[in-house]
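Reading through the C-alpha cells given below for one structure.
The values are calculated or read from the model by the stated rules, or taken from the named source; none is laboratory data. Since we're looking at a predicted model, the values are computed, not measured. Positions of Cβ are generated from backbone atoms using ideal geometry, with glycine treated the same way; all protein chains shown enter the neighbour counts. Accessible surface areas use protein heavy atoms only, side chains included; no ligands, DNA or RNA. Shrake-Rupley method; radii C 1.70, N 1.55, O 1.52, S 1.80 Å.
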Amino acid sequence: MAATATATGSGAAGSAIFAGSTSRKYNYFEPRGKRATHYEDVTVDVQPDPERYLIQDWIISFGNGKGAYTKDNTRALSSNWHAFRAPDQEWERTHYQRQSKIETMVQAVIGNARKAGAHLVFDRVWQKVLQTHLGAWKHAEFGLGTSLMQAQRYGYTQMINNATLTNSSYKMRLAQDITLYLAEIGMDIEGWDDELGKKAWLEDPAWQPCRLAIESIMGSEDYLEQYFAINLIFEPLVGELFRSGFLMQAAAANNDFITPPVISAAEADYERNLANTIDLIYLLVHDEKHGAHNRALFQSWVKKHGDLADRAATALQPVWSQPHSKPVSFADAQAASHERLAQILGEIGLSR
C-alpha cells in the first residue's frame, strides 16, 4: 500500500517505508496473476501518479496549474485507472522484436515475388485497383496511426499509453508497407502510376466518407474516444471490411498472391489491438462506481462513429465491382462486418 503525504508529512527520499521496500523484487503493485509478469514490472506505475507514489505532487505542471497527466483528458471515469493490463503484454522490447519480424517477412515476400515475376501476371484491371484503392487505403492507415499517436500522450497510465502507442506504430508500419510494396512492384509494370492512390483519397467520391470518418476521429479532443472509435467501430465496419472482405478475398482470384501476405500482418495487428481495447472498455463499463456514466458515454460514441463508418463503408461498394473476378459480394462482406461489430459490442455490454 502506498504511503501518503498525510502519513509522512514529507516527500523527501527515504522519509517513508513502503511494504516490501527492502525486497529486491518489484511488489509495490497488485499483479493480475500470482506473480508479476515482465510486462507489469516495466510498465505498471512507470508513469507517476500523485495519488499513488508521487507524494510531492506533480514535478512538472503546465501554465494552467494542471499536472503532466490529468484524468479529465477523457470524459470516461474510473475508480482505478491502474487496473488495466494489456492482454498482449507488449512493451518496448517485445514491440520492436515483433515489428522487425513482420518487416522481414513482408520484404521477403515482396523480394521473392519480384524475382519470380509473380506481379507481372496480375489481372490488368486488378493492377488499376491496387494503384487506386490500395494506394488510397494507405492514407487511411496513416490517418488512424496519426490519431492514435496524438491520443497516447493523454492516457492517464503507462499501461494505457503503451497499448495506444503500439497500436499507432502498427498503423504507421502498414502505411509504410503498402507504400513500399506498391512502389516496388510498380517499377516492373508498364504504365504504373503511384499518384492514383493519393488522387483517389483526395477526390474520388467513394473515399470521401472514409476521409470524413477518420478526420472526425482525429478531431476528437478525448483520447479514449479516439481509441474506442478506431478499434471498436471503424476497424470492424471499414478496416476489416476493406482489408479482409475485399483485398484478401479478391486478390488470388485475380492472379495476385502477393497482396494477401503483405496485408495479413495488419489483421493480426488488429486482433491484438482489439483485445487490448475490449479489456480496457470492459473495465470502464463494469466499474462499480462509474459504470452507468461510462455506458451512456460509450453508447453515444457508438452512435456517432457508427453512423460515419456505415456511410464510409457503403460509399466503397463500387470498389467491389471493379475487378474482373468477384469472389465475394459487397453485401456479404458488409453483413459479416455488422455481425463482427455486434459481437465486439456484446463482449463489453454495449449495443448498436
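Restricting attention to segment 313-332, does a residue exist that is at pLDDT 95 or above, farther than 27 Å from Asp204 by Cβ and loosely packed, with under 15 Cβ neighbours inside 10 Å? No - not one qualifying residue is present in segment 313-332.
Criterion applied to Ser216, Ser264, Ser300 was being at pLDDT below 95 and of a type outside the set (A, V, I, L, M, F, W, C), and the one residue passing it is Ser264. Within segment 335-348, can one find any residue that is under 17 Å from the mean Cα position of the chain (by Cα), over 27 Å from Ala118 (Cβ atoms), β-branched (Val, Ile, Thr) and in a helix (DSSP H, G or I)? Within segment 335-348 (the criterion being under 17 Å from the mean Cα position of the chain (by Cα), over 27 Å from Ala118 (Cβ atoms), β-branched (Val, Ile, Thr) and in a helix (DSSP H, G or I)), the answer is yes, since at least one residue qualifies.
Comparison of Pro209, Pro236 shows that the only residue that is open to solvent by 10 Å² or more (accessible area, probe 1.4 Å), in a helix (DSSP H, G or I) and over 30 Å from Tyr69 (Cα atoms) is Pro209.
Given the structure, is Val125 β-branched (Val, Ile, Thr) and surrounded by fewer than 16 Cβ atoms within 10 Å (Cβ to Cβ)? Yes. Going by what's in this entry, would Ala175 be described as in contact with a His (Cβ under 7 Å, 6 or more places away or on another chain), assigned to a helix (DSSP H, G or I) and at pLDDT 95 or above? For Ala175, the condition - in contact with a His (Cβ under 7 Å, 6 or more places away or on another chain), assigned to a helix (DSSP H, G or I) and at pLDDT 95 or above - is not met.
Taking segment 121-141 only, how many residues are among the polar types (S, T, N, Q) and under 28 Å from the mean Cα position of the chain (by Cα)?
So in segment 121-141, the residues among the polar types (S, T, N, Q) come out as 127, 131-132.
Then keep just the ones that are under 28 Å from the mean Cα position of the chain (by Cα); that gives 131-132.
Count: 2.
For segment 212-226, a tally of residues being of a type outside the set (Gly, Ala, Ser) and open to solvent by 40 Å² or more (accessible area, probe 1.4 Å) returns 4. Restricting the first member to segment 299-315 and to residues that are under 17 Å from Ala336 (Cα atoms), and the second to residues that are modelled with pLDDT under 95 and outside any helix (DSSP H, G or I), the beta-carbon pairs closer than 9 Å and six or more apart or on different chains are Gly306/Arg352.
The rows are residues; the columns are (1) without any contact (Cβ under 8 Å) to a residue 60 or more places away in the chain; (2) closer than 30 Å to Pro323 by Cα; (3) of a type in the set (Lys, Arg); (4) not in a helix (DSSP H, G or I).
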{"position": "Gly33", "(1), (2), (3), (4)": "yes, no, no, yes"}
{"position": "Asp45", "(1), (2), (3), (4)": "no, no, no, yes"}
{"position": "Pro48", "(1), (2), (3), (4)": "yes, no, no, yes"}
{"position": "Ala76", "(1), (2), (3), (4)": "no, no, no, yes"}
{"position": "Ala86", "(1), (2), (3), (4)": "no, no, no, yes"}
{"position": "Lys101", "(1), (2), (3), (4)": "yes, no, yes, no"}
{"position": "Val106", "(1), (2), (3), (4)": "no, yes, no, no"}
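Is there a residue in segment 157-177 that is open to solvent by 50 Å² or more (accessible area, probe 1.4 Å) and basic (Lys, Arg)? Looking for residues that are open to solvent by 50 Å² or more (accessible area, probe 1.4 Å) and basic (Lys, Arg), one finds none in segment 157-177, hence no. Of all residues in segment 71-108, those that are surrounded by fewer than 20 Cβ atoms within 10 Å (Cβ to Cβ) and among the β-branched types (Val, Ile, Thr) total 3.
Taken over segment 27-56, the criterion of being at pLDDT below 80 and more than 14 Å from His82 (Cβ to Cβ) is satisfied by Asn27, Ile55, Gln56.
Pairs linking a residue in segment 142-154 that is open to solvent by 10 Å² or more (accessible area, probe 1.4 Å) and hydrophobic (A, V, I, L, M, F, W, C) to a residue that is modelled with pLDDT of 95 or more and in a helix (DSSP H, G or I), with Cβ atoms under 8 Å and 6 or more positions apart or on different chains, are Phe142/Lys171; Phe142/Met172; Phe142/Ala175; Met149/Leu165; Met149/Ser168; Met149/Met172.
If the condition is being charged (D, E, K, R), over 27 Å from Pro209 (Cβ atoms) and under 20 Å from the mean Cα position of the chain (by Cα), then segment 256-309 contributes Arg272, Asp279. Of the residues making up segment 265-273, none is of a type in the set (Lys, Arg) and more than 30 Å from Met105 (Cβ to Cβ). Taken together, Ser147, Ser169 contain a single residue that is within 18 Å of His305 (Cβ to Cβ) and hydroxyl-bearing (Ser, Thr, Tyr), which is Ser147. Run Ile59 past the list (1) under 33 Å from the mean Cα position of the chain (by Cα); (2) at pLDDT below 80; (3) buried (at least 16 other Cβ atoms within 10 Å of the Cβ) and report the number of the one that doesn't hold. Exception for Ile59: condition (3). Can you name the residue in segment 97-120 that is more than 30 Å from the chain's Cα centre (by Cα) and basic (Lys, Arg) and is also farthest from Thr166 (Cα to Cα) among such residues? Looking at the filtered set, the residue picked out is Lys115.
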